[in-house]
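Notes to accompany the following structure.
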Amino acid sequence: MEYRNNVTEFVLLGLTQSLQGQKVLFAVFLLIYVVTMAGNLLIVMTVMLSPALDAPMYFFLGHLSFMDAVYSNTVTPHIMIDLLHEKKTISFEGCMTQLFLEHLFGGAEILLLVAMAYDRYVAICKPLHYLTIMNQRVCVLLLLLAWVGGFVHAVLHILFVYNLPFCGPNVIDHFLCDMYPLLKLACTDTYIIGLTVVANDGAICVVIFSLLLFSYGIILHSLRNLSQEGRRKALSTCGSHITVVVLFFVPCIFMYVRPPCTLPTDKSLTVFYTVMTPMLNPLIYTLRNVDMKNAMKKLDQKPVLSPSLVSPVLCHSHSPSRVSVDLPAGWDSIQEILKEGRAGVHLHSDPEHRSLQVNGSILSYVFWSRGYTFAFIVWLSHLSTLL
């Protein structure tokens, strides 16, 4: 008998049916979301703006935080919106999109953790060849492989579930679309597809988790050859990585290494690795990484290129070929001329103000005051003709 897909939307039961409980959960998830975005974006900015964090490890850490931020955006806002509505629905296409994005970023993050483990192995076990092996080309290639692997992983899920016939009930006892709840609603035998999910999710999680633990075991065993300071620093870094690996993989293994079915604990486990883990990752890396904490402390003392953070200061012209930019009183100094055109630059300092004079062209400069970093980009090309 051939079944037809008559389902155009799914009804999500959510985390709880209690209206009071939904309000409490909304406040909790909102707090978690704000902390997650702030922590991960802070790490991304710190890695981008701190010259001291130019090592491959921080290259991968910055992209891990970026993945966590985007991953959180695919799940948490939808949960919060549903908590404000009595009836929680999602269209069939929206369900497939959510499923794809969940496994895209989840799969990419798993492979990125493998790349980070390889980076630590080379750094500790082959320190003399570290910069040669982990060059920029290799780092970009590993990152690209992580994204490609996550994409293939997500596409396989969509291929398995998209053409399934959903001809009966459309109520999902979950707060998001995932494979096992969808397979439960399909009006056909999904045993074979369930086994492919176990292989595509469960088996991969177990194999990669075992390989990661084995690799970190080798790394920890090799620490006896390092000095006391090197051993302490390596333990701090590897401890952070191992903690993140355990937090991410253990819930996934409980979710997918089992026969295809849904359990009451699935919601709690899904909340942990989709909502909690992206929030915990930046806390773990910043609390246990001395270099990262020091770089964050120095952010307020480092110029940051970012237009429109400061309102334009007074500009006036004394001649068609010279423009003078006067900075308000109270600014401590102009730290650095970042980008200068072909014209000369003249800096005048007095107790009343700072002024910067250029002969046309384009100039960018940075200044700061009272520990807060600002950036101001001035476009001076042909400005004298407008004054």
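Odds and ends about this structure:
- For Ile172, the residues whose amide H sits under 5 Å from its own are Val11, Leu12, Leu13, ignoring neighbours fewer than 5 places away on the same chain, with H placed 1.01 Å from N.
- Compared with the alpha-carbon gap, the fully stretched path from Lys126 to Val246 is longer by 40.7 nm at 0.36 nm per residue.
- Rounded, prolate or oblate (a/c below 1.5 giving rounded, otherwise prolate when a/b exceeds b/c) for the range 122-193 by Cα gyration tensor: prolate
- Where the range 160-267 is the region considered: accessible area per residue in Å², 1.4 Å probe: 47 Å²
- Per residue, the range 30-138 exposes 44 Å² of accessible surface when a 1.4 Å probe is rolled over the protein heavy atoms with every protein chain present.
- For the range 148-301, carbon and sulfur atoms together expose 69% of the accessible surface, with a 1.4 angstrom probe and every protein chain in place.
- Cβ-Cβ distance of Ala27 and Ile218, R₀ of 45 Å, FRET efficiency by 1/(1 + (r/R0)^6): the value works out to about 0.50.
- For the range 91-99, the Karplus equation 6.51 cos²θ - 1.76 cosθ + 1.60, evaluated at θ = phi - 60°, returns couplings of 5, 4, 5, x, 5, 5, 5, 4, 4 Hz by residue, with Gly and Pro reported as x.
- Packing-based ranking, highest mean first, of 85-95, 67-77 given that Cβ atoms within 10 Å are counted: 67-77, 85-95
- Protection proxy ranking of 49-59, 229-239, by the mean of other Cβ atoms within 10 Å over each peptide's residues and highest first, is 49-59, 229-239.
- The candidates Tyr162, Tyr191, Tyr180, arranged from most to least accessible area with a 1.4 Å probe in the full protein assembly, appear as Tyr191, Tyr162, Tyr180.
- Here the Karplus relation 6.51 cos²θ - 1.76 cosθ + 1.60, evaluated at θ = phi - 60°, turns the backbone of the range 192-203 into coupling constants of 5, 5, x, 5, 5, 5, 4, 6, 6, 10, x, 4 Hz, with x for every Gly and Pro.
- Computed FRET value (nearest 0.05) for Thr89 with Met276, which takes r as the C-beta separation and R₀ as 25 Å: 0.45
- Gyration tensor verdict on the range 1-91 (Cα atoms; rounded if a/c is under 1.5, prolate if a/b is larger than b/c, oblate otherwise): oblate
- Of the cross-linked pairs Lys87/Lys267; Lys184/Lys267; Lys23/Lys293; Lys126/Lys298, those separated by over 27 Å at the C-alpha level are Lys23/Lys293; Lys126/Lys298.
- Note on Asp54/Leu13: beta-carbon distance plugged into 1/(1 + (r/R0)^6) with R0 of 51 Å gives a FRET efficiency of 0.60.
- The gain in end-to-end length when the Ile133 to Asn225 segment is fully stretched comes to 31.1 nm, 0.36 nm per residue minus the alpha carbon separation.
- Were the residues from Val70 through Lys233 laid out at 0.36 nm apart, the gain over their Cα-Cα distance would be 55.7 nm.
- Three-way shape call for the range 50-206 based on the alpha-carbon gyration tensor, with the a/c threshold at 1.5: prolate
- Taking Lys and Arg as +1 and Asp and Glu as -1, the other residues whose beta-carbon sits under 15 Å from that of Pro278 total -3.
The values are calculated or read from the model by the stated rules, or taken from the named source; none is laboratory data. Bear in mind that the values here come from a model prediction, so they are computed numbers and not experimental data. Please note: Cβ atoms are built from the backbone with ideal geometry, for glycine as well, and neighbour counts cover all protein chains shown. We work out accessible area using only protein heavy atoms, side chains counted, and drop any ligands, DNA or RNA first. Shrake-Rupley method; radii C 1.70, N 1.55, O 1.52, S 1.80 Å.
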